[in-house]
Amino acid sequence: MVRIWIGGLLWVACTLVGIGIARSYKNRAKFLHEWNEFCIVLNNSIKNLKLPQSKIIEKFVMDKSGQFVDFLKGYDEYLKSQIKDNKALDNLVDKSPLLKRERKHLREFLDSLGKVDYNLQVDILKYQSQLVEHLKQVAEKEYKTNGMLWYKLGFVLGLVVMILVV
Amino acid sequence: MLEKILPSRIFNEILSCENMDKICEIRIRKDKPIIYSISGKYKILERGGQAYIASQDEIDWIILTASEHSIYAQDEPMKQGYICTKDGIRIGICGQGVVEKDKLCAVKNISSICIRIGKNIVFSSSKLDKILGDFGSTLICSPPGMGKTTLLRFLVKKLSDSGKNVLLLDDREEVSSVGDINENCIGMCTDIALGIPKNIAYKYFLRSMRPDIVASDEIFGDEEIDAIVDCVRCGVKVISTVHCDSVDRLVKDTRYDRLCRCFRYFVEIEDIGKIGKVFDKEM
């Protein structure tokens, strides 16, 4: 009886680990998906209306939730704060569910916003949007392959462990 | 509002010396002392008994903060030498120009800024009673910094509240939303063309909004004079401002003949917030 319980628990644990890893892939893909959406909104709002960053963020986060929205809210607060501390921005970026190289891109993306004139900003955004689109596609592909694989692997491994224990 | 655009170090220094409400201008130049103005008198900002010297970083910080971290949104105003904050504070900028085919494309390496804080001065209307009672096109004349825009705003509100449809051409966004001034200060019958170049605004809104009066700040260039001549020909009254030291000099200058013929009243500003002579051409 005890063996069945232990086996069952190990199966659940392995499955949860698999789900956890799959979720990290999913969160990363979702974050990049929303970042890509934000790039499109940013591009249109700057190109057509020349809206300031904070206005665009305000419109984008309205009625939305999630890690990227929280990240944007944090960035907006940073912009509005009197003290511009690079560490605060680094911490914000580090909290994102992205890989190290993607975080570097995110930091560069933030650094590229609002510091140059209109024409250059539009050009930079075009380049950044293409980059984010590429990152999103890679992350979505990895979620579908690796993420789901980890989920299935956790489930099957748990099952095998349970059978062995029982 | 100033606390939002000034680095806290500068803001706190000014705050420790003066009442912020009295300050109407702050001039910040790279590697030079910061100077501020109270009722037209300039003072040097001091820190620990010595002049506070502004750095390039502080100037860049102000530009970035004033533009809400969106320099691209201030592209056109910056080409005209200013930035307008969302609170309506106008910041004049001066630096190195990037010129292409005789056209200013951008201003880089900004080394001087002039922050002007709008004040809601109430003018005594006794000298303006005639203008307000029997309105005709009015030109407000004075050197810079005497309160032309404030008087324009005052007249716009009075005329608008008396039921006249006023079209306010606020291309530099400083008439309708400056400092402690909000849209209630420009009257209930005022339509505002905000941030639209005047040559375009005159052309389109005169037809679409059918105003009784068109108000605009700081006449500059032949194109605008042409537009004013057209307005007056259409039967629309105009109220505007122009930089000049006296009405006499303006009227005698043959280059402004066409402009002067359009206006009935000429108002001189004697001192900050103080109306001088009011000339009526029909008297």
Partner lysines for A:Lys100 [C-alpha distance under 22 Å; skip if fewer than 8 residues away on the same chain]: A:Lys26, A:Lys30, A:Lys73, A:Lys87, A:Lys136, A:Lys141, A:Lys144
Assigned charges on the beta-carbon of Lys, Arg, Asp, Glu; the protein assembly as shown dipole about Cα centre (debye): 1160
Dipole magnitude of chain A, debye to nearest 20 (Cβ charges: Lys/Arg +1, Asp/Glu -1, about Cα centre): 300
Shielding by partners - mean other protein chain Cβ count within 10 Å, residues of A:61-74: 0
Reachable lysines, given that their alpha-carbon falls under 20 Å from the alpha-carbon of B:Lys119 and they are not under 8 places away in the same chain: B:Lys4, B:Lys22, B:Lys41, B:Lys43, B:Lys86, B:Lys148, B:Lys157, B:Lys158, B:Lys274
Averaged over A:107-115, number of beta-carbon atoms from partner chains that fall within 10 Å: 2
Charge dipole (segment B:126-280, unit charges on Cβ, about Cα centre) - positive-most of B:Phe135, B:Ile239, B:Ser208: B:Phe135
Partner lysines for B:Lys101 [C-alpha distance under 18 Å; skip if fewer than 8 residues away on the same chain]: B:Lys79
Inter-chain shielding of B:96-108 (mean C-beta neighbours from other protein chains, 10 Å cut-off): 1
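I'd like to compare A:132-144, B:97-109: which one has the highest average count of other Cβ atoms within 10 Å, and what's the full order after that?
A:132-144, B:97-109
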Estimated inter-spin distance, B:Ser8 and A:Phe155, nm [label 7 Å along Cα→Cβ]: 5.3
Cubic angstrom per residue, convex hull over Cα atoms of segment A:2-165: 129
Sorted by Cβ neighbour density within 10 Å, fewest at the top, the residues B:Thr85, B:Thr254, B:Thr138, A:Thr145: B:Thr254, A:Thr145, B:Thr85, B:Thr138
Dipole-positive endmost among B:Ile186, A:Asn27, A:Pro52 within the protein assembly as shown (Cβ charges, Cα centre): A:Asn27
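Values in this text are rule-based calculations from the coordinates and carry no lab data. None of the values given here were measured: they were computed from a predicted structure. No Cβ is skipped: glycine too gets one built from the backbone with ideal geometry, and neighbour counts run over all protein chains shown.
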